[in-house]
Amino acid sequence: MTNICKINFKIKGEGIPIVLLHGFMESLEIWNYIYRSISTKYKVILIDLPGHGKSIFTLEKNMIFTMEKAAEMVKKILEKKNIQKAIFIGHSMGGYIALAIAEEYPEMFLGLCLLHSTTESDTLEKKKSRIQSIQLAINNYPLFISTSIKKLFHYEKLSFLQKEISFTKKIASHTHINSIISFLKGMSIRKDRKFLLKTTGFPKLYITGLYDLILDKKKIYEETKNGNQIYFVAIPTGHMGHIERPKKIIKILENFIDFYSK
């Protein structure tokens, strides 16, 4: 089978380059509110990761799409547009991909924001959970989408977040089953990159949700203690702060960007 690859991306604004990398089963549309605001001050690069959104990448069911492979594709886009340095903002899986870029090309980073993300590899329990998710996706795709997306949001405010949940489900439902399987496998075998917190000199910002069911806020806070130039902000959301509280996220990001761009 010949791979067909066409990566969808868009660039808006002028100034410091800001690369937005979405999470698993998302697309660049997930950043709509964020990028419309910050592109008035900065040069914003949005990318549909392979197999997501409008990016075309043929994936066989048994293929493993690694974070490193995605990282190389992102780097090629940036090279094509002559973007040599940027602040990277990665949500969840987008953070894993940003870290893979940072390991190979740390010189490209003016800063890094891990938005509901982590440098740690999957635990054995998490690996098993991803395998179970693959099976559910194969057996009952609509149920997989529904249950997966619901877990991402603040569990005490689901009734108030129906519009945001529906929007996220709509994006997720356009992700091909083979892409879902390939990326779940890729995330399960990703490297532990905690060492980057100590070996890289650029500033790092962690934004974590107090009601996140995917990542434990206490573990994330402990993670931030193991490095240099690391800043931690906790917000009252689930795993989708950029959808649940976009204005809050914009304020935090602008403070981070402006402080380190002086």
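Coordinate-derived values only; no laboratory data. Here the structure is a predicted model, which means the values were calculated and not measured. We place every Cβ from the backbone using ideal geometry, glycine too, and count neighbours over all the protein chains shown.
Here are the numbers for the structure shown:
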quantity	calculated
Pairwise FRET efficiency - Thr58 versus Thr199, Cβ, R0 = 30 Å, nearest 0.05	0.25
Burial ranking of peptide ranges 16-28, 73-85 (average Cβ count within 10 Å, highest at the top)	16-28, 73-85
Computed Rg/Rh of segment 102-158, alpha carbon atoms with Kirkwood Rh	1.11
Sequence ranges 32-42, 188-198, ranked by mean other-Cβ count within 10 angstrom, highest first	32-42, 188-198
Sparsely packed chymotrypsin sites (Phe, Trp or Tyr not before Pro) within segment 103-164, loop by DSSP, other Cβ within 10 Å at most 13	Tyr155
Peptides ranked, highest mean first, by Cβ atoms within 10 Å: ranges 5-13, 92-100	92-100, 5-13
Spherically averaged projected area of the chain from its Cα convex hull (nm²)	12.9 nm²
Cα centre as origin, Lys/Arg/Asp/Glu Cβ charges: segment 1-149 dipole, Debye	440 debye
Residue-span extension gain [Asn140 to Lys128] - 0.36 nm each, minus C-alpha spacing	2.5 nm
Value of relative contact order over the chain, rounded to a whole percent, pairs C-alpha under 8 Å and six or more apart	22 percent
